[in-house]
1. Assuming V139 fulfils every condition listed in (1) free of Cβ contacts under 8 Å to residues at least 24 places away in the same chain; (2) surrounded by 12 or more Cβ atoms within 10 Å (Cβ to Cβ); (3) out of contact with any strand residue (DSSP E or B) (no Cβ under 8 Å at 6 or more places or on another chain); (4) outside any helix (DSSP H, G or I) apart from one, which condition is it?
2. What are the pairs with Cβ atoms under 6 angstrom where one residue, in segment 7-36, is farther than 23 Å from I149 by Cβ and the other, located anywhere, is open to solvent by less than 100 Å² (accessible area, probe 1.4 Å)? Sequence gap at least six, or different chains.
3. So G34 fits all but one of (1) more than 17 Å from E75 (Cβ to Cβ); (2) surrounded by fewer than 15 Cβ atoms within 10 Å (Cβ to Cβ); what number is the exception?
4. Restricting the search to segment 63-112, which residues are surrounded by 17 or more Cβ atoms within 10 Å (Cβ to Cβ) and assigned to a strand (DSSP E or B)?
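The values are calculated or read from the model by the stated rules, or taken from the named source; none is laboratory data. Just so we're clear, the structure is a prediction, and the values are computed from it rather than from any experiment. Please note: Cβ atoms are built from the backbone with ideal geometry, for glycine as well, and neighbour counts cover all protein chains shown. Accessible surface is based on the protein model in full, side chains and every heavy atom, while ligands, DNA and RNA are left aside. Shrake-Rupley method; radii C 1.70, N 1.55, O 1.52, S 1.80 Å.
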Amino acid sequence: MMSVMAAVMEGPLADLSSWQPTECSIAKAIELVGTRSAILILREAYYGTTRFDGFAQRVGITDAAAATQLRKLTEAGLLTKQPYQEEGKRTRHEYVLTPKGRDLLPAVLALMQWGDTYLQPGPPPLLLVEEATGTPVRVQVRSDTGREIALDELAVRLNPDYLDTIRPRKRAKR
């Protein structure tokens, strides 16, 4: 029989039946970027695509789907629209990653890394390497000390700063 390896749930979180993850950051992130087209548009932005037609063509979606996802990602602050004009043509917009969009890179690369390991029938089609050295790059869970942390070494606890922000709201509702 295989032992269950899970994160260490601390304090009141240890009893999973006594609480619900109602403010889950994972759920909020998936709500924003959890569609195939949204995540692939981000992939393309990381690869350097900036033009509307490029996103639609490279992701393989309709113009309407591209417009919807680009609008959603722009409104959420992951992309920003910047005007450009080719000579003799009207002003158009290109889509550029914001710091918020660039900060999502490790999550997207983690999906790629997982897909490379478990979904590719052979070697992965692309390699992630440090440009200057060619050294392979991997997404890993590490502590601030640099130590890699396994799932069963990861502790999950309530954030006291978060609790301080919700306590006044709970009192005001009474």
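1. (1)
2. The qualifying pairs are L32/A76; V33/I39.
3. So G34 meets the others, but not (1).
4. Within segment 63-112, L79, Y95, L97 meet the criteria.
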